[in-house]
1. With respect to residue A:149, is the statement that it is buried (at least 21 other Cβ atoms within 10 Å of the Cβ), in contact with a strand residue (DSSP E or B) (Cβ under 8 Å, 6 or more places away or on another chain) and either within 13 Å of chain D (Cβ to nearest Cβ) or modelled with pLDDT of 95 or more (or both) true?
2. Within segment B:287-305, how many residues turn out to be crowded, with 22+ Cβ neighbours inside 10 Å and farther than 20 Å from residue D:47 by Cβ?
3. Could you tell me whether segment C:302-321 includes any residue that is in a loop (DSSP other than H, G, I, E, B) and farther than 23 Å from residue B:205 by Cα?
4. Quick one: residue C:205 ticks every box in (1) facing chain B (nearest Cβ under 8 Å); (2) without any contact (Cβ under 8 Å) to a residue 12 or more places away in the chain except a single one, so which number is it?
5. Output the residues belonging to segment C:180-202 that are outside any helix (DSSP H, G or I) and either under 17 Å from the mean Cα position of the chain (by Cα) or within 11 Å of chain B (Cβ to nearest Cβ) (or both).
6. Kindly establish whether residue D:294 is in contact (Cβ under 8 Å) with a residue 60 or more places away in the chain, under 30 Å from residue B:239 (Cα atoms) and not in a helix (DSSP H, G or I).
7. Could you please find all residues in segment A:263-274 being surrounded by 11 or more Cβ atoms within 10 Å (Cβ to Cβ), more than 7 Å from every other protein chain (Cβ to nearest Cβ) and free of Cβ contacts under 8 Å to residues at least 60 places away in the same chain?
8. Just to be sure I understand the filter: pairs with C-beta atoms under 7 Å, separated by 6 or more residues or on different chains, first member in segment D:82-96 and in the same structural domain as residue D:17 (by TED's automatic domain parsing), second member assigned to a helix (DSSP H, G or I) and surrounded by fewer than 21 Cβ atoms within 10 Å (Cβ to Cβ). Which pairs pass?
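The values are calculated or read from the model by the stated rules, or taken from the named source; none is laboratory data. If you're wondering where the values come from, they're calculated on a predicted model, not measured in any experiment. Heads up, the Cβs are rebuilt from the backbone with ideal geometry, glycines too, and the neighbour counts pull from every protein chain shown.
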């Protein structure tokens, strides 16, 4: 049994992750921590999320300095479901305790520290760690994850986008100089648990946001090695992301090349190609740890449209963190 | 042209009412006021509600003491789409200016001042006004409304419930000593514009609330002259209310009696009986000024089920206020 | 490993049940059958339900006479997720093969055969079997289920209603001669997979249906031993049921009595009481095998409001069938 | 008063159009026709759409040969809310009666008759008429519409797309040889009233469809004079379309050029630019006759993202038809 602690346990991602850990036969949830300022401290997680009654009744512990320093005594791994800057500040202390750190925030997703002031609004406190962190896109870096002390679990939009685009980039199928266009729609849980006008029920209806400046664009570009245009949207549903991607293909690329590129997911129980003619629906993946992909080529114009759907809180956060944990500790379910 | 001012113009009800007034050929919107503390002051209403672009671009004016005292110079009528206590405090000053006051809050719905501390959490500042206020259920009190200086526009649940129950009570069809059971579901706009965990998109899903203690229960009982059990629910939709009401009928009541009781709505363009076998759907009334009713009797048990649907912001608030204004000023559309 | 076959595998209930069986470590899905007339025969279940890709890829087998007679050679149990009349017709042949039959339809829920022509529109072909069938409300009849050859898995509304009402009836807390009022709202999946105007996306919005004549009313009354008024509603959501029930309590009943009555669910991982002040939301149970209950008493009027939420396809159908299977075969997860 | 008949009155578009005509002070609804095979003939339109009770109670008349030939005796204009092929077949007979024909289907949107077999599945019966038909994008062809005998009312996706793209094309701001990428999401009413698995409530969830082959792509391209990649999606909402469009700009184009291009909508009450930083939401236009536009340029890459939102049944069909009627008959509300 690997003991795993979760910091930031009261948010949507933290709660889903806590449930996954608590339900896994080879993992144990050693602690759930919230900020000392949180009004939720002391409450069982299930009092915030009634669907967890009897499943995760563990109480939320305030992250005092003392509690922070004691995490390593109980746990071998810790997951950070915290704000980006908080994650960046906490990681060194946790690593120093010998813990394997899985950061679900954006705090360690970039090697280039200059991204932080520009896209995240803070100077990174530990730029040296950025080179050590492994980007935890599970299907694409199992060997590195297996060796990592610090795993940067990918963002939700980047996960959906990269699972669709990396097979193309790897095989050199994207036209040079072209800009793949990613239009993605996320369910409202992607905005987190805090109440706001933006996520107030009556205000939610399909709309673009963060146009031409969202922080997931550099994350996708860095990991893909190719520039893209990324436009996120908020949709009136709770869970899931659909990314529809339009790509100019290199000359001569045919359907066989594309089938081979995506064929590398064959056998995966997490990333699946739909039969030709079917397209993913958000509700087909909501609540699951799956990514569904489908593609079609316009032969005349050498244009590819590929669609990718995931659950933003699962494959886009918590279940991908779980994949990373299982890979890192070489547990049964690891791929 | 009757000039009408709206205080509390930035909330959902105020905005809908502003649009109705601005669009009416015999009314003119003389001013839109918000609290001095509001961050929205100075903004055109359409910047908060893009669907009002070009329709209500009037700016939100802070309700300073000076502005308050000048309302009567421009307007003949004023609508209060404010918190209950604020309405109660503002009414005397507005009446003193000769304005006809239409209060959309609960601030003047009860003759009995003792209801306020118990159900609204404040002592009523002007209990004497409570006797003067006319309860503005438009179909049931047109003569009184036509004479009123202060109209208490009914609550949303009471409107849906009373339109269904008053014909029965008036005709003496409800079994003595029985308790009609009102189960009602409201769209989320009923909770107002302020962001909260309760109305956060991901938290909204069908649930009861205010069970056995909601302030609309005494409002219904007072106006009906009969006790009831009222259980409100929040539903995952933006606009509308459905009330499903189960009533024990007095001995001997038959379908003919019921048809006659509801027949008094014949010819109304606001309250309509559906053909037998059809039941109202919330979306049939969302955005409209209508109430749809349908009923069925269980002959063996002398039980009646009657369903009533309205739009909570329209017939449950703004369009009913408009009906009251038209009646009061004897304008064309008045019934 | 107990081998279980599912007849009616292409519908919503059948598909959910197939997934539960295929995922259970002590059960094996031996076959999935559809009508010989079905256009889906030969297709893997996952081609109809992409969320089942890799989980239930078993193909749908036409239920020819030959296939029907061979079920007992592979399976020990069979689940009927078929139309009521089909279930009634199939049961004798399956029982004759020695199979334990779990009927998820209404085909065997009544001892009184006269209910069928009146509420189901057909004469029951095997009235003798109606006395043998055990009503499979898992928490209330584990001993009988453990011995049964034919289990009538309860309907969705009755499950939600009875879990809330049976503790009261058993303890004699309901006022004599009173009529509990059950208002329940179901998600659209309750109407099944067949396309129709009623369940067409644009037509769905909260509305009552089957008023004063729904077939689940006699089911509830029979199992409760008390008359009720049951009004079902269709709600604009996919999964879940909320039943809000208003009950006149017998004289002298107090909160302690109620707490004791509901206390019998203590320790259950399927039926849970919410902490006082919390009320169940449909999404708290959607997709789960849980029932969430909450109640409140109006001391002055001796009125109880109790709310009960389940997932209609799970605790209201498939996961309750699974509970019954586990109890019947004395498997680990059985309560 | 201009008398207007509607053929295909029972569908979503026909019903919305009937309401608009019946409510307009200068128009009168002379007749509502359905196919002779329709089960709805003889019913008042309001029995199909309860929200029209008291507003459009006119009965649906079967379109017999006799009734068809008599339309011109009562009406000056006729709207076709029929299937594409039916419209193409009916138009000559109606024009021969001297009626002005407004075809809301795709039956007359292309000059090139070869589009029909390829994208619509039938040979056009009257290719000669295709040159006479005026494409009724109201803001872009008022002079031609004012003279037309046959107006091809644009499709919903083309309306949203063209209102955003035509200002760019007209001003020469789109990079030569580039392919604007249009990702659009439509509410379910776009699929029409007929029940189907695709539009069944439980099956609807955000998904692409018609990828790289939808018939609205050639319509957009023809009217724009520029190739595009158009990917439509179905979204889980009833009304509205959001089109998000990514465009490579010609060298040297700056924000001033873009502001000028879109400035031509200044003063329009139907097409409105949102203030910088705001983006359209589907619910801001649902049920209205508006188009909301917003745009942003990535200076470094010369990429423009422009978003356009309309109600698919209104500006995307019925209210645009109304605009065309008012322009054609030079009525007050015409722009």
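1. When the stated conditions are applied, residue A:149 does not pass them.
2. Selection size over segment B:287-305: 2.
3. The answer is yes, given that some residue of segment C:302-321 is in a loop (DSSP other than H, G, I, E, B) and farther than 23 Å from residue B:205 by Cα.
4. Residue C:205 satisfies every listed condition except (2).
5. C:180, C:181, C:182, C:183, C:184, C:185, C:186, C:187, C:192, C:193, C:198
6. Answer is no for this residue.
7. A:263, A:273
8. D:84/D:120; D:93/D:68
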